[in-house]
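Single-structure report; data block below.
The values are calculated or read from the model by the stated rules, or taken from the named source; none is laboratory data. Just so you know, these numbers come straight off a predicted model, no measurement behind them. Every residue, glycine as well, gets a Cβ built from its backbone with ideal geometry; the counts of neighbours run over all protein chains shown. SASA here: full protein model, heavy atoms, side chains in, ligands and nucleic acids out. Shrake-Rupley method; radii C 1.70, N 1.55, O 1.52, S 1.80 Å.
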Amino acid sequence: MSDLKPALEALIFISVEPLTMDKIREVLPERSEEEISAALEELASEFESGPRAIRLTQTGGGWVFSTKPDYDAPVRKLLQIERRKKLSPAALETLSVVAYHQPATAPEVMSIRGVDSTTALHTLLENKLVKISGRRDAPGRPLLYRTTEKFLAYFGLNSLDDLPQEEELRKILEAGNA
Amino acid sequence: MTEVRDPSQEEDQPVPPPEPAEPAGAAAAAEPAEGYQVKLEFFEGPLDLLLFLIKKKKVDIHDIPVAVITGEYLGYLRTRDRINLDREAEFLLMAALLIYIKSQFLLPREQPLEPDVDPRRELAERLEDYRRVKIVSARLRDLEEEQSQVWRRAALTAPLPEEDLDLVEVSLFDLAESFFAMMKRKQAEPPKVLKGKEISLAEKMDEIVAALKARGVLDFLDYLDAQETLEEALVAFFCLLELIKARLVIAVQEQLFHAIKVWLRKETKDEAP
């Protein structure tokens, strides 16, 4: 059937949260996952290359429409938002450590960064970019931190695998050492 | 330390802006050959400063000229006439480590170092790990910048009320935050005469469990608000924390900034007589 793409477009349009494959399959049980994936990819590339201000991306485990960066200014004006707050370098470093070493304790973050990271962790907790996922079974039972779904959404990542992997990191390191 | 610096190693490369507000005297004397000095506050920590120096000297992270780098590093610390221990203890710790490594090379030994033991190795590994962190945070910074220009509908419309709400178990911080917000509100209320009633933790806990069994669900703040005195509210708050810790009740928030609700856990309900 050729009406799969427009159907998907309608479903994503009406969804406020990123639309997951599970949800799509629920609504369209007669379609295979491969079929849906292929249609979504096609739809996304149509939006991306077409004369549209909207793009279709995979973020936080689902599909979602967003505006293209070129239309930031008018949208901001409409919403009456001056500037978005940015994370501090300390918060970004702490997030990087937690993302790669999760679940991580505060002392672990501190030993990698070389500086006390308690304040940064608190900022991240407040912004719900990390969460406490339990305690480590070690002396002092230190709290364990993990990144959240909001962390993925905030950076437009679909999953943690979208972060640079070991091989890519090594390449960048070697290039820097040359 | 300045005597170890080889002038031929000074190089022109893009660096953070010069520091015109350099304090005169000892600070300037520590770095006479440099036309600039980046402030210590510019760095995220001792590892960041070390990486900067290593890059500036264009040396290999695994083959650091310890004397040169230690000299440069100490030059930075000397720019401070006094060290704020809260903020700069980590910088001092690293200075001690660098001097220790340097001493490993300088001091005579009874047995020579084994060829494959390099006193710098652990530091090199830490620097390497920290460089990864820097790479990833630079990537996150780019993504953040990109995302800050991208807008989704979710930002405009509140999620539609659904029957099956996605409940999030709240953390201790959320509870404490709500509690303190309420206490602040209470403070504004006119003072009441204290009745001098004694409330025991155990009694209050029974009272809460009984109320939960009768009503099924409690609004966390309303319940505390309904307490007659500050003391009673405090006791009730501790009881709730105690019950949550004992996993007898569960505290959930339907949406961010919405009311926190408290339930008995299912198991507790079942075993209730």
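Filter the cross-link list A:K23/A:K85; B:K58/B:K102; A:K86/B:K245; A:K128/B:K245; A:K128/B:K55 down to pairs whose alpha-carbon distance in this structure exceeds 28 Å. Could you put the intermediate results ahead of the total?
Working: A:K23/A:K85 33 Å; B:K58/B:K102 19 Å; A:K86/B:K245 35 Å; A:K128/B:K245 22 Å; A:K128/B:K55 35 Å.
Where the Cα-Cα span goes over 28 Å, the pairs concerned are A:K23/A:K85; A:K86/B:K245; A:K128/B:K55.
Farthest toward the positive end of the dipole of chain A, out of A:L11, A:A106, A:T67, is the Cα of A:A106, where the dipole comes from beta carbon charges about the Cα centre. With heavy atoms of protein chains only and a 1.4 Å probe, what residues of region A:153-167 have at least 50 Å² less accessible area in the full set of chains than alone? For region A:153-167, once contacts with the other chains are taken into account, A:F155 lose 50 Å² or more. Counting Lys and Arg as +1 and Asp and Glu as -1 over every other residue whose Cβ lies under 13 Å from the Cβ of A:E35, the net charge comes to -3.
Result for chain A in a Gaussian network model with C-alpha springs under 10 Å: among A:S159, A:S117, A:S32, the largest mean-square fluctuation is at A:S32.
Hey, what's the Kirkwood Rh for region A:28-82 if you take every pair of different alpha carbons, in angstrom?
Result for region A:28-82, one decimal place: 13.0 Å.
Here chain A is treated with +1 on each Lys and Arg Cβ and -1 on each Asp and Glu Cβ, and its dipole about the Cα centre works out to around 1080 debye.
Largest first, the residues A:S66, A:S45, A:S15 sort by 1.4 Å accessible area into A:S45, A:S15, A:S66.
D for region A:1-126, whole µm²/s, Stokes-Einstein with Kirkwood Rh over alpha-carbon pairs at 20 °C and 1.002 mPa s: what number?
Calculated translational D: 120 µm²/s.
For region A:38-108, a crude dipole built from +1 on the beta carbon of Lys and Arg and -1 on the beta carbon of Asp and Glu, taken about the Cα centre, is about 460 debye to the nearest 20.
The interface between chain A and chain B buries about 4200 Å² of solvent-accessible area in total (1.4 Å probe, ligands and nucleic acids excluded).
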